[in-house]
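Any read-out appearing in this document is the output of simple, stated calculations on the displayed coordinates, not a laboratory observation. Since this is a predicted model, take the numbers as computed values, not measurements. With ideal geometry, Cβ positions are generated from the backbone for all residues, glycine too; neighbour counts draw on all protein chains shown.
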Amino acid sequence: MRGALCITLNMDILNSLEQLNADPFKQKQIKKYLLACCKKLVKYRSGGNLEKGIALAKKYNAGYISWKKFHDIEYILEGEAFRIEFYSNDPYFGQFRVDKNDLADLKKIRVSKALHSKKANKYLIDLAYFVDSVFSYCSHPGNSLPDIEHSKFLCPVLFKRYFS
């Protein structure tokens, strides 16, 4: 029952974000909210790229750095999402070819979320693509917001803080 309530709540948030996104003056606030949601996920991503990306996104959104500098970190985070998905579908996943940070992230998720291996892997892939969609939106608000599949990473508490 609790899972269904969370899904409904997060879909409501996503619908609200889509309505807010129609107003160009709200897009800056949406970016701040989405980056705050990403900040809550830093504990599941080793390697430091997400933390660095959040800092650069804030600077980019404030006009302190160029699009090129921001795009570089956006590209790195997108590459991480592709890498995680590729190796999770590869028969050698879990062996020497996998990035050590990805393995550490899987372990963190398995322990903290009490998920078995396949669900933890799916969670990590979804998390990486959520981050990718947030950074894509921050790069250009004409890009779409995170989709329904990734709405589980939208924080209701932060939503209230940013939009009430």
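Ignoring solvent entirely, what values of log10 I(q)/I(0) come out of the Debye formula for the stretch 42-158 at 0.10, 0.17, 0.23 Å⁻¹ when each Cα is a single scatterer?
-0.31, -0.87, -1.38
Hey, rough spin-label estimate for residue 12 and residue 161, points 7 angstrom out along Cα→Cβ, what's it come to in nanometres?
Using points 7 Å along Cα→Cβ, the separation is 2.0 nm.
In a GNM of the chain with a 10 Å cut-off on Cα contacts, which of 77, 20, 154 has the highest mean-square fluctuation?
Sorting by GNM fluctuation, first place goes to 20.
Rounded to the nearest 10 degrees, what's the angle between the helix 100-113 long axis and the longest principal axis of the chain, both from Cα atoms, 0 to 90?
80 degrees
Explain nothing, just the number: relative contact order of the chain, from Cα pairs under 8 Å at least 6 residues apart, as a whole percent. Walk me through the intermediate numbers first.
Working: 143 pairs, mean separation 56.4, N = 164.
For the chain, the relative contact order is 34 percent.
Roughly how many debye, to the nearest 20, is the charge dipole of the stretch 29-164 about its Cα centre, given +1 on each Lys and Arg Cβ, -1 on each Asp and Glu Cβ, and no other charges?
Details: 24 positive and 14 negative charges, 143 e Å.
Once rounded to the nearest 20, the dipole reads 680 debye.
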